[in-house]
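Right, one structure below, let's go through it.
Taken together, the values in this text are just the output of simple stated rules run on the coordinates, not laboratory data. Remember, predicted model here, so these are calculated numbers, not experimental data. Every residue, glycine as well, gets a Cβ built from its backbone with ideal geometry; the counts of neighbours run over all protein chains shown.
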Amino acid sequence: MLKILKQTGEPETTGSCNADLKLETQLMPEPQFRKALALENKRAERSSRRFILMLLESDSLLKCGTTHEAVYRAIHALVTATRETDVKGWYKAESVIGVIFTELGAAEGHSVANALMSKVTQALSSSLGIEEINKVTMSFYVYPEEATMACRNALDPELTGAGTGPHGCAKCVKRALDIGGSLLMLLLSAPLMIAIAVAVKLTSPGPVLFRQQRIGRCGVPFTFLKFRTMYQGNDVKIHQEFVARFIKKEIDPAGTHYKLTSDPRITRVGALLRKTSLDEFPQFLNVLLGDMSLVGPRPPIPYELESYQTWHKRRVIDVKPGITGLWQVRARSRVTFDDMVRLDLRYARSWSLWLDLRILLATPRAVLSRAGAY
């Protein structure tokens, strides 16, 4: 995400403003503009064709209580400096005007943003006085050319398309379910987990727990826990190359499995643990620590993220990763990667406490069926 800031000044309030038909026809109202921005963001995620969002902000120049003439001149300057096909509207009513520039061609994003900034600055300079210009802040966002997984971006639904998943009280309820459910499972499974730990330790050299860096919500890395199912010192390139080819649809076009089968790195005990998903039990500690949820998308390994298309990354923005999820109970390693991501995004869009409970109740049957487990 590229952000360029220019020309800031001190707020000042004078006069009053009244509704004007010309202003209404020049700029989209805030709800319509934000909807247009969200749609353009989705298009860019799918096609990787960039767009630029320009925000013209002034708490003193654009809001009610300012001179109506200055507002009109600022809007007139924007209309002059932009194309008819560029989408113009209120990003935030009476304080921030937004312009969506599309069809930018093959030019590099920084160059386009700088050229647009110069053009708009020149237009504003010819329409506004020095004091008025000093009250204006311009910022440019290039998307998805430099889209990041930083939480700062994820928390801006207009720029990232985030904003799905639980919020407010619902978020607290989901967290309460996570804490209560993970504590209960850790207590009930303690004898079994001790037995698994002994089996892992006695059958192959190495630690009982496998620790790996995974990517959590908003791109924040965390230490992911599992019972170790592989021999020590194995080559990660085997899985890394497989995942990259699978995501790019270079292998398994029929979508028969997502995981690498017949993996020579897996121990005999590890194969059993994977078939029964018992290797996942230490992740209840991840849930208790707040890095994961009981229900959510599976957390990717950093090298998996490198092969993601832009729209794939939404699965690690919208909600916390989980131990189980819609993908696990509906398909479990029997669908293409794109279909897996669609299931994760559907979960984020339609989240409810009842949906989480249904997924949790369906998980034991999915595990016992062993379909798609490797």
Fill in: Fully extended contour minus Cα-Cα distance, from LEU361 to THR276, at 0.36 nm per residue
29.0 nm
Worksheet item: Of the peptides 168-174, 283-289, how do they stack up when ordered by the mean number of other Cβ atoms within 10 Å, highest first?
Response: 283-289, 168-174
Fill in: R0 of 22 Å, Cβ-Cβ distance HIS167-ARG342: FRET efficiency to nearest 0.05
0.50
Worksheet item: What nm value, rounded to one decimal, do you get for the distance between ALA115 and LEU368 when each label is placed 7 Å out toward the C-beta?
Response: 6.4
Item to complete: Take the cross-link list LYS171/LYS320; LYS92/LYS135; LYS275/LYS320; LYS248/LYS313; LYS249/LYS320; LYS226/LYS275 and give me the ones stretching past 19 Å between alpha-carbons.
Response: LYS275/LYS320; LYS249/LYS320
Worksheet item: Order of 177-183, 236-242 by packing, highest average Cβ count within 10 Å first?
Response: 177-183, 236-242
Item to complete: Determine the shape class of the stretch 169-369: with a ≥ b ≥ c the square roots of the Cα gyration tensor eigenvalues, call it rounded for a/c under 1.5, and otherwise prolate if a/b is greater than b/c, oblate otherwise.
Response: oblate
Worksheet entry | Global geometry of the stretch 284-374, whether rounded, prolate or oblate, following the gyration tensor of its Cα atoms and the 1.5 cut on a/c | rounded
Practice prompt. With r as the distance between the Cβ atoms of GLN309 and ILE194 and R0 = 30 Å, compute the FRET efficiency 1/(1 + (r/R0)^6) and round to 0.05.
Written response: 0.10
Item to complete: Provide the FRET efficiency to the nearest 0.05 for the GLN26-SER350 pair, computing r from the beta carbons and using R0 = 45 Å.
Response: 0.75
Response to the item:
In nm, the gap between the two label points placed 7 Å beyond Cα toward Cβ at ARG175 and ARG265 is 3.5
Response to the item:
Residue by residue through the stretch 285-300, the couplings from Karplus 6.51 cos²θ - 1.76 cosθ + 1.60 with θ = phi - 60°, in Hz, x for Gly and Pro, are 5, 4, 5, 4, 6, x, 6, 9, 10, 4, 10, x, x, 5, x, x
Worksheet item: Order of 298-304, 82-88, 205-211 by packing, highest average Cβ count within 10 Å first?
Response: 298-304, 82-88, 205-211
Fill in: Under 5 Å, built H, 5+ apart or other chain: amide partners of PHE210
LYS226, PHE227, ARG228
